[in-house]
Amino acid sequence: MHTLFADSFATLGRLDNITLVMVFHPQYLGSFLKTQHYLLQMDGPLPLHYRHYIGIMAAARHQCSYLVNLHVNDFLHVGGDPKWLNGLENAPHKLQNLGELNKILAHRPWLITKEHIEQLLKTEEHGWSLAELIHAVVLLTHYHSLASFTFGCGISPEIHCEGGHTFKLPSVSNYCICDITNGNHGVDEAHVSPAGSISTTESFCEVEALMEKMKKLQECRDEEEASQEEMATRFEREKRESMFVCCSEDEESAPTRDVSRHFEDTSYGYKDFSRHGMHVPTFRVQDYSWEDHGYSLVNRLYPDVGQLIDEKFHIAYDLTYNTMAMHKDVDTSMLRRAIWNYIHCMFGIRYDDYDYGEINQLLDRSFKVYIKTVVCTPEKTTKRMYDSFWRQFKHSEKVHVNLLLIEARMQAELLYALRAITHYMT
C-alpha cells in the first residue's frame, strides 16, 4: 500500500481520494495507476494538453466536477490554453468535433455507427488519425467510468480543495478510508437504511439467503442446462426489465455552468431512451468481443494500451478474497459474473453461454437500482442507495462492486466504439 501511495504521489504530485478509496484493493489500484499514467503521460498519438481536455469533456458529461477540476489543473500545468476552459466552443474544432462521440458513448453507445467514425476521420482540416481516435476513445471511456466510481463511492474533493470536507480525528475501530474521504463522522451509518434501523439479524439473514440462492443455482446448473432458445428468451426478458429499473426518484438537476460549458446538448442522456421505451439492439459477444477483436485493434493502433486495459479488466473481474460479509471460503465467481453480465445486458450485450435467469435470483431490486444509477446516471447516486444494498457487507466489498461496475461499463463502451471503427476500416 505504501509503495502504491509513493508511486502515485511521485507520478501525480498528489494523493487523491480516488487512490485512497481504491487502495482497499491494492492489486487493482496498481493496474489502474499504471494504465492511467500511460494514457496521460507516456508517449502516445495525442499531445498532453489534449489528453487532459478530453478527460474534462468526458467527466463533464456526468457533471463530475471533482474530476473536471482535477484535470483543469493538470491541463494548465502541461501548458494548455486557459481560453479553452471558457467553453467547448473555444477549443479547437478538432476537439469540438469529438463532442458528438463523447455524448453518445457516455449515454447510448449502442447508437455509434461507422458513419460517426468516418465523420471524425475524413474532416479535411480538422480530421483525426485512427491512432489519435483510438487514444481519444480510450480516454473518454476511462473518464466516463471513473465518474461512475467517483459518484458510486461518494468521493468528495480533497481537503484543500473547494468543497473538501474537514473531519475530526476518528477512533480507528469505527472508521474506514471511505468515511474519512466522505467526511462522515460520529455514528457509523453503514447499516442504517432509509426506512430506519436495520437489525444485525435481518442483515445477516440477507447474506444467508444470498448464499443459499448461489448454492441452489449451482445445483441446478449441475442437473440441467436450459436450451439456447430459452437462454435467448431470458436475455431479452432481462434486457427489457432493466429498462424499467428507475435510476433515481430525484428531480432532474441541471448541470452547473462550470461543468456544462465543457460539452454540448446538456439534455441528452440515458433517461430519454428508457422513458420512450426505445429498443436496444442485441450485441452478441460471439460476433465481436474484446478478447478476439477489440484488444488487438487497440494494441495495433496504440501499442501496449490494449495489454494494460486487458489486465485491468481481468483483475477487476477475477478479484476475490473468497469472503462474503462475515463468511469465509466462499466462491463468489457466480455473483461477480451476474453483476458484470447485468451491466452488459443493460447495454444490449449478450453472452450466448450465460443463463440470464440467474441475475434475478442473485441481484435484488435495491442492488439493481444502485447498479443502473452508478453506470447510467452516476450523478444521481445517493448515500441512501449505497446504504440500501448488501447492508451487512463491508465498505471494501462495496468498493469491489464499484470496480466491477466501472470496468464492465468501460468494456461495453469500448465494444461499441471499436466495432464501429472496425466496420469503418473494413
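The values are calculated or read from the model by the stated rules, or taken from the named source; none is laboratory data. Being a predicted model, the structure only gives us computed values, none of them experimental. Glycine also receives a Cβ, built like all others from the backbone with ideal geometry; neighbour counts cover every protein chain displayed. Side chains included, ligands, DNA and RNA excluded: accessible areas come from the protein's heavy atoms. Shrake-Rupley method; radii C 1.70, N 1.55, O 1.52, S 1.80 Å.
Quick notes on this structure:
- Considering residues of segment 317-330 that are touching a residue at least 60 places away in the same chain (Cβ under 8 Å) and either over 19 Å from Arg391 (Cα atoms) or open to solvent by 70 Å² or more (accessible area, probe 1.4 Å) (or both) only, the residue nearest to the chain's Cα centre (by Cα): Tyr317
- Of all residues making up segment 275-310, the number that are among the acidic types (Asp, Glu) and surrounded by 16 or more Cβ atoms within 10 Å (Cβ to Cβ): 1
- The set of residues in segment 318-352 that are more than 14 Å from Lys398 (Cα to Cα) and assigned to a helix (DSSP H, G or I) comprises Asp318, Ser333, Met334, Arg337, Ala338, Trp340, Asn341, Tyr342, Ile343, His344, Cys345, Met346.
- Qualifying residue in segment 346-357 (condition: surrounded by 19 or more Cβ atoms within 10 Å (Cβ to Cβ), closer than 30 Å to Glu229 by Cβ and within 15 Å of the chain's Cα centre (by Cα)): yes
- Test result for Gly87, within 21 Å of the chain's Cα centre (by Cα), small (Gly, Ala, Ser), open to solvent by less than 10 Å² (accessible area, probe 1.4 Å) and not assigned by the TED database to the domain that holds Lys398: no
- The one condition from (1) open to solvent by 30 Å² or more (accessible area, probe 1.4 Å); (2) in contact with a Ser or Thr (Cβ under 8 Å, 6 or more places away or on another chain); (3) β-branched (Val, Ile, Thr) that Thr426 does not meet is (2).
- Helices (runs of 4 or more DSSP H) wholly inside segment 356-426 containing at least 1 residues that are β-branched (Val, Ile, Thr) and assigned by the TED database to the domain that holds Thr282: 357-362, 365-376, 395-425
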